[in-house]
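Here the structure comes first, spelled out in C-alpha cells, and everything after it is commentary.
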Ligand SMILES: Nc1ncnc2c1ncn2[C@@H]1O[C@H](COP(=O)(O)OP(=O)(O)OP(=O)(O)O)[C@@H](O)[C@H]1O
Ligand SMILES: [Mg+2]
C-alpha cells in the first residue's frame, strides 16, 4: 500500500486528519492545449479526488488521452499547471499503462524483469528488486509464469504485467489509457476484475480512460464526462456501489440509473457536435 | 504432425538438390554438353573434396573467409555506433541521408581504382573496399532501426523516468537489433561479393576469386566448378551463421 493511500485509509477509519481526507489529490488549473486544427483544452480546471478510481468518458477524439498524457507529462501542455498535493510531476511517482501492451512491454526482457525495470531505473539493488516483485505478485495473487518473455503470454497476461510494472514503484497515481480495448471480451471481463482487485488492495488514486460506458461506471467511484473539444467537464458523476462489485451489481437499479444518466449526457454531447 | 511427416518435411529441401544432380548426371552421361566444359558431378565433387582437404583450394577458402570476416568486422565496428548516433537524431540522419543513399547506390567495384591509389595492390585495398560497401549497408540499417524504434516503448521508458542515455541503451539499441542484423547479413554478403571480385582482378595470388579465375585460365574445369561451389557454400554458411546468431540474440524479432 502506498503511504498516501495508507493515510487515506487511516483517515477514513479514525476520522483523523479531516482536511487530508477531502483535499483533492491532483489539481489541474488553467490547462490549455491546441493542435494546428483544433483547440483541445482551453483553461481547463479539474480536481482529481484522492484514493478514488475515476473513469474519463467522452466522444471520440475529445481529448481523453491528451488529458492524462498532459497530467503524466507525456504531452506538453501549452499552459496551465498540474500539481500533485502541491508538488510538480517531477517529484511524484506515478504509473502509466498503455493501451498497446505489445508495444509497451520490452520483449527482450522476461516478464519479471519488465516489472522490475522501473526499480532498476531508481537504482534499487537487484536482490531488493526481486523481493519487491515477489511481494507484489503475492499481494495481487497473480498466477503467471513471470520467467517467460512477454510474447509467450496472452494479451490479458501481458496487460497484467504492464499494470504490475506500473504498480511496482508504489505510485501515488495510476493512469490507464483504454487498457483493455485491445483484448477480447472474455479477457476484458477478467481484467476488469483484476483492476478492481488491484484498486481495492492498494487504494491508489486511479484515472482510467475508457470507451466503454458499462466498464467506466462499473469500475469507478466517479465518471468524468467530457464534452467535444475544447473539452469541458459535462458532469462528474458519482457512483458509490460497494466493492467488490460483481455481475449482480450491473443489474442493480443504481447502476442502471447511473449508466442511463451518463448515456443521456453523452448522447446529448454527441448530437450537439 | 507425425514423426514420419516431420522427416518428410525436413527432407523437402533436398528434392531440388537431387533434381539438379540428376539432370547434371543425365546431361553428362548423354554427352549433351561437351564433357570438357561440364565434368561429371562425381569428378567435380572429388576435386572439391580433395582441394578442400589437402589441396590449395582449402587455403584459398580460408583466405577469403578471413578477408570477408575482417572487412565485415571493420564495417560493423565503424557503422554500428555511427548508425546509432545518426538514428538517434532524425535531423542529423536527414542531413546525411542523401550522401549515404548515393554511396550505397554506387557500385563498390567502381571504387577499386580509388582505393588502389590509396592502399596499393594488396589485402588492404580488398578489405577496405569491402568494408566500405558493407559499412554503408550496415549504417543505413542500424540508423533506420534506431529511428523506427516503437514510439510507445520509448514513451514507456520515459514515463518510468528513464534518462535520455538510459532510453538509448535500454530501449533504442535493443529495438534496433533486428534491423542491425538485417544490415549485418546483407553487409557480409556484399563483402563476400566484393572480396571475390577483388581476388579475381586485383593482382591476387590467393583466395577463392583468384582460384576460380586461375582454373578458368588453365582450362581446369573441375577445379573451376569446385571453387565456385566452395564460394557458394561460403556465402550460404555466412548467411546461416548470422541467422543463427540473430535467433540467439534477437529472440523477440518478428514476435
Ligand atoms: N499529435 C497530434 N497532432 C495533431 N492533432 C492531434 C495530435 N494528437 C491528438 N490530436 C487531436 O486531438 C484530439 C484529441 O485527441 P485524443 O487522442 O486526446 O482524443 P481521445 O479522446 O483520446 O480520442 P479516442 O477516443 O480516439 O481515444 C483529436 O481530435 C486528435 O485528432
Ligand atoms: Mg485516446
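None of the figures in this text is laboratory data; all of them are computed from the coordinates on show. Note that the structure is a prediction, hence the values are computed from the model and not measured. FYI the Cβ positions are ideal-geometry reconstructions off the backbone, even for glycines, and counts take in every protein chain you see.
Per-residue mean of other chain beta-carbon atoms within 10 angstrom of the beta-carbon, peptide A:161-173?
On the way: counts 0, 1, 0, 0, 2, 3, 0, 1, 2, 0, 0, 0, 0.
Mean shielding count: 1.
With a cut-off of 8 Å between alpha carbons and a minimum separation of six or more residues, what is the relative contact order of chain B in percent?
25 percent
Can you compute the FRET efficiency between residue A:240 and residue A:211 using 1/(1 + (r/R0)^6), with r the Cβ-Cβ distance and R0 = 22 Å? Round to the nearest 0.05.
0.45
Let me check against my output: what whole-number percent is the relative contact order of chain A, with C-alpha pairs under 8 Å and at least 6 apart?
Here the relative contact order equals 26 percent.
Averaged across the residues of B:248-255, what count of C-beta atoms belonging to other chains lies within 10 Å of each residue's C-beta? Numbers along the way, then the final one.
Details: counts 0, 1, 2, 4, 7, 2, 1, 6.
What the average comes to for B:248-255 is 3.
Quickly work out the residue A:247-to-residue A:37 label distance, labels modelled 7 Å from Cα along the C-beta direction, and quote it in nm with one decimal.
With each label placed 7 Å out from Cα toward Cβ, I get 4.4 nm.
Applying 1/(1 + (r/R0)^6) with R0 = 25 Å to the Cβ-Cβ distance of residue A:181 and residue A:152, what FRET efficiency is obtained, to the nearest 0.05?
0.65
What is the distance, in nm, between label points placed 7 Å from the Cα along the Cα-to-Cβ direction at residue B:25 and at residue A:145?
Distance between the two pseudo-spin positions: 4.7 nm.
What is the ratio of the Cα radius of gyration of chain A to 2.2 N^0.38 Å, where N is its residue count, to two decimals?
Compactness ratio reported: 1.00.
So what is the diffusion coefficient of the protein assembly as shown in µm² per second by Stokes-Einstein at 4 °C and 1.567 mPa s, using a Kirkwood Rh over Cα pairs?
Details: Rh = 28.1 Å.
D = 46 µm²/s.
With each run of n ≥ 4 DSSP H residues scored as -39500 (n - 2.57), what mean residue ellipticity at 222 nm is computed for the protein assembly as shown after dividing by its residue count and rounding to the nearest 500 deg cm²/dmol?
-19500 deg cm²/dmol
On each of the three principal axes of the Cα atoms of region B:56-249, give max minus min coordinate, whole Å, ordered largest first.
The Cα atoms of region B:56-249 stretch 68, 36, 20 Å along their principal axes.
I need B:49, B:252, A:108 ordered by Cβ neighbour count within 10 Å, fewest first.
Arranged by neighbour count, lowest to highest, B:49, B:252, A:108 become B:49, B:252, A:108.
How large are Rg and Dmax for region A:190-273 when only the alpha carbon atoms are used, in Å?
Computed over the Cα atoms of region A:190-273, radius of gyration and Dmax are 13.3, 40 Å.
How far apart, in nm, are two points set 7 Å out from the Cα along the Cα-to-Cβ line at residue B:163 and at residue A:127?
Once both label points are built, they end up 2.6 nm from each other.
Quick one: compute the contact order of region A:87-215, relative version, from alpha carbon pairs under 8 angstrom and 6+ residues apart, as a percent.
Answer for region A:87-215 is 37 percent.
If neighbour count is taken as other Cβ atoms inside 10 Å, put A:85, A:184, A:247, A:113 in order from fewest to most. It would help to have the intermediate numbers written out before the result.
On the way: A:85 15, A:184 12, A:247 8, A:113 18.
Final ranking by Cβ density, sparse to dense: A:247, A:184, A:85, A:113.
Can you tell me the order of B:95-107, B:150-162 when each peptide is scored by its average per-residue count of other Cβ atoms within 10 angstrom, highest first? Write out the running numbers ahead of the final one.
Working: B:95-107: 12.0, B:150-162: 19.2.
Top to bottom by mean Cβ count within 10 Å: B:150-162, B:95-107.
Using alpha-carbon positions, what is the distance between the centroids of region B:6-35 and region A:17-81, in Å?
With region B:6-35 and region A:17-81 each reduced to a Cα centre, they are spaced 71 Å.
Round to the nearest 0.05 the FRET efficiency obtained for residue A:268 and residue B:148 when R0 = 41 Å and r is the Cβ-Cβ distance. Show your work: numbers first, answer last.
Working: r = 43 Å, r/R0 = 1.05.
Step by step, r from the Cβ atoms, then E = 0.45.
Give the average, rounded to an integer, of partner chain Cβ atoms located within 10 angstrom of each Cβ in B:145-157.
Mean shielding by partner chains, rounded to a whole number: 4.
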